[in-house]
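Chemist: What follows is a structure written as structure tokens; I'll ask about it next.
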Amino acid sequence: MATISFTKQKTWQERLIDQVVNTEEKSFKIKLKIFGELLTRKGNRWVKSTDPVTMQRDSSKRAKTDVVDAYYFKKNPNTDRCRGYDRVAANMGNTLIVTTKDIVDTFGVKIPAFSILQLNGNTNLVAQCQLLNGDIPIPNDYQLSDFTASKDEELDFDVMVISNQADYNFYYKIVDNTVSAKSKDDNYSSCLVGHKLLNYETGETDLITWVTRAMDRPLSYLNLCAVPKDIPEMNKIFSEYKEVIVNVREKTSPIIDNGGSNQSVWKAFCLDLSKLELSGKLSPLQLSSLLDNLGKEITQASDKNVEEYWNNKFFGIKKKRGLSIIDTKFGNFNKFVCSPKSSWTQLSFTIEDWILWELFSVTRDDIRDAQDHRLYGHGGGDILGGKDRTDVAHQSLNFLRTLLLYANHINFKSRFTAIKAFEWAEENICTKFAAVDQVDRLDILADKKVKLALKSHIYA
């Protein structure tokens, strides 16, 4: 009886590799089916089958804003109807890279020879998946088919053949600069994707939410220089603080959520907490206690008017021994904060209350005539006059850092004044702290020597 043999049909990836092997061309064009090749079913959901370049940004959120809203749902002025899926637009700029040798990417990830990576067009395919999976609602009077490709649709792709990291970075940068118009935050998400900390297609991550976006300014405060937009250069800074970012406690989130316009400073401060714990300078038990206590107070402060919160905390009630106090004869918070004779030198707080004092500060928008420039380490709302915003941020951050380090030095056992913390810092961190002995000298905390000394003390 004759034996019947079946030849297994090659996948599109295998066919593409064969074409690369059998040609000397450095670039050529191919067509790929959207359904069955570029998009496949996984369970009851559509997923993208192509792997992106390792520098791909987070497409999960951008699919709707940058593709669906900007193109599919955009009204055609000639018809006053949404444009929907457009074959011409969908075929513009799709690019694949095929490696012919092993290379190591910007993030230290080995990319084996004959890997196929999608350089451009990723977000459009993610948008198609989100529409097909029902993740994006369809406007009234439209059908899903108005916004998705037809069953037999094919996409045109340019294929680039490369053999080294230099070409890999070069071609990506061309797309980055000409088509993608990526922001610095986009490139930060590329670092997360590159280090496998974020799924570019779904947005899934084990990181706490606040470290996944708007991190260039916090990292610049730690690194003492601006974070470059260029991914390889940004990655050098990200890699230095990667372990700190990965290990930030979830319980820091209430601090960030209430950080307001100073959120970047609070992010940097919470990264400090993470580093101090990782290096063994702050015990896990101490940090847990600190964050638990702060969380309880933040809940109370968030539920009240700020003036009411502080008035209840410090005025009109008998204080227990050892708790935070304000050394003043004024009978309520309003009078204290509005007096030109009041200042931060009158505060004797536990570290929790020092943090809360800065977090739930008041300005003249909250209380008319508030002397915020005299009461807070961040210098108040008027401090920006004639001053660099970065210096103001460093002043605020270094005020918090100094108080935290001193509190840790005394094992969080008692309340203390800021002056006491500065006296300790003069002997243990930087002699420049000796000059921070008056209400209007907090600007010294932004001095270069102070910044370097504090960074060394925390991150060395």
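Chemist: Of these, Thr299, Thr345, which one is of a type in the set (Ser, Thr, Tyr), surrounded by fewer than 16 Cβ atoms within 10 Å (Cβ to Cβ) and farther than 20 Å from Ala421 by Cα? Write out each step before concluding.
Modeler: Details: Thr345 fails: farther than 20 Å from Ala421 by Cα.
After applying the criteria, what remains is Thr299.
Chemist: Looking at the range 170-179, is at least one residue among the acidic types (Asp, Glu), in the same structural domain as Ala90 (by TED's automatic domain parsing) and in a loop (DSSP other than H, G, I, E, B)? It would help to see each step written out before you state the result.
Modeler: Within the range 170-179, the subset among the acidic types (Asp, Glu) is 176.
Checking the rest, the ones that are also in the same structural domain as Ala90 (by TED's automatic domain parsing) come to 176.
Next, from what is left, pick out any that are in a loop (DSSP other than H, G, I, E, B): none.
Within the range 170-179, none of the residues are among the acidic types (Asp, Glu), in the same structural domain as Ala90 (by TED's automatic domain parsing) and in a loop (DSSP other than H, G, I, E, B).
Chemist: Now, a different point. If you go through the range 280-332 one residue at a time, how many are of a type in the set (Gly, Ala, Ser), within 16 Å of Phe360 (Cβ to Cβ) and not in a helix (DSSP H, G or I)? Show your work before the answer.
Modeler: Step one: of the range 280-332, the residues of a type in the set (Gly, Ala, Ser) are 280, 283, 288-289, 295, 301-302, 316, 322, 324, 331.
The next check asks that each one be within 16 Å of Phe360 (Cβ to Cβ); those that pass are 295, 301-302, 324.
Now narrow it down to the ones that are not in a helix (DSSP H, G or I): 324.
Here the count works out to 1.
Chemist: OK, next. What number of residues in the range 403-442 are within 21 Å of Leu356 (Cα to Cα) and in a helix (DSSP H, G or I)? Reasoning before the result, please.
Modeler: Pass one, the range 403-442, residues within 21 Å of Leu356 (Cα to Cα): 403-422, 439, 442.
Restricting the remaining residues to those that are in a helix (DSSP H, G or I) gives 403-409, 418-422, 439, 442.
Of the residues in the range 403-442, 14 are within 21 Å of Leu356 (Cα to Cα) and in a helix (DSSP H, G or I).
Chemist: A follow-up question, please. Of the conditions (1) in the same structural domain as Arg81 (by TED's automatic domain parsing); (2) surrounded by 15 or more Cβ atoms within 10 Å (Cβ to Cβ), Lys151 satisfies every one except a single condition; which number is it?
Modeler: (2)
Chemist: Kindly indicate whether His373 is surrounded by 22 or more Cβ atoms within 10 Å (Cβ to Cβ) and either in a helix (DSSP H, G or I) or modelled with pLDDT of 95 or more (or both). Working first, answer last.
Modeler: Details: surrounded by 22 or more Cβ atoms within 10 Å (Cβ to Cβ): no; either in a helix (DSSP H, G or I) or modelled with pLDDT of 95 or more (or both): yes.
Against the criterion (surrounded by 22 or more Cβ atoms within 10 Å (Cβ to Cβ) and either in a helix (DSSP H, G or I) or modelled with pLDDT of 95 or more (or both)), His373 does not qualify.
Chemist: Among the listed residues Lys151, Lys182, which satisfies the condition of being touching a residue at least 40 places away in the same chain (Cβ under 8 Å), over 20 Å from Ser239 (Cβ atoms) and either among the basic types (Lys, Arg) or in a helix (DSSP H, G or I) (or both)? Quick ask: steps written out before the conclusion?
Modeler: Numbers: Lys182 fails: over 20 Å from Ser239 (Cβ atoms).
After applying the criteria, what remains is Lys151.
Chemist: Another one. Given the residues Tyr221, Tyr200, Tyr188, which is the only one that is touching a Pro at 6+ places or on another chain (Cβ under 8 Å) and either buried (at least 22 other Cβ atoms within 10 Å of the Cβ) or on the phi > 0 side of the Ramachandran plot (or both)? Reasoning before the result, please.
Modeler: On the way: Tyr221 fails: touching a Pro at 6+ places or on another chain (Cβ under 8 Å); Tyr188 fails: touching a Pro at 6+ places or on another chain (Cβ under 8 Å).
Of the residues listed, the single one that is touching a Pro at 6+ places or on another chain (Cβ under 8 Å) and either buried (at least 22 other Cβ atoms within 10 Å of the Cβ) or on the phi > 0 side of the Ramachandran plot (or both) is Tyr200.
Chemist: I'd like the full set of residues that are in contact with a Ser or Thr (Cβ under 6 Å, 6 or more places away or on another chain) and among the hydroxyl-bearing types (Ser, Thr, Tyr), limited to the range 109-160.
Modeler: Across the range 109-160, the qualifying residues are Ser115, Thr123.
Chemist: Ok, one more. Give the residues of the range 202-214 that are assigned to a loop (DSSP other than H, G, I, E, B) and touching a Leu at 6+ places or on another chain (Cβ under 9 Å), sorted by residue number. Explain how you work it out, then say what you get.
Modeler: To start, the set of residues in the range 202-214 that are assigned to a loop (DSSP other than H, G, I, E, B) comprises 202-208, 213-214.
Residues satisfying the conditions are Glu204, Thr205, Asp206, Leu207.
Matching residues to (1) in a helix (DSSP H, G or I); (2) within 17 Å of Lys275 (Cβ to Cβ); (3) in the same structural domain as Thr299 (by TED's automatic domain parsing):
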| site | (1), (2), (3) |
| --- | --- |
| Leu219 | yes, yes, yes |
| Cys225 | no, no, yes |
| Pro228 | no, no, yes |
| Glu233 | yes, no, yes |
| Phe238 | yes, yes, yes |
| Val244 | yes, yes, yes |
| Val248 | no, yes, yes |
| Lys251 | yes, yes, yes |
| Pro254 | yes, no, yes |
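The values are calculated or read from the model by the stated rules, or taken from the named source; none is laboratory data. Computed from a prediction, not measured in an experiment: that's the story for all the values here. Counting neighbours? That spans all protein chains shown, and the Cβs are built from the backbone with ideal geometry, glycine included.
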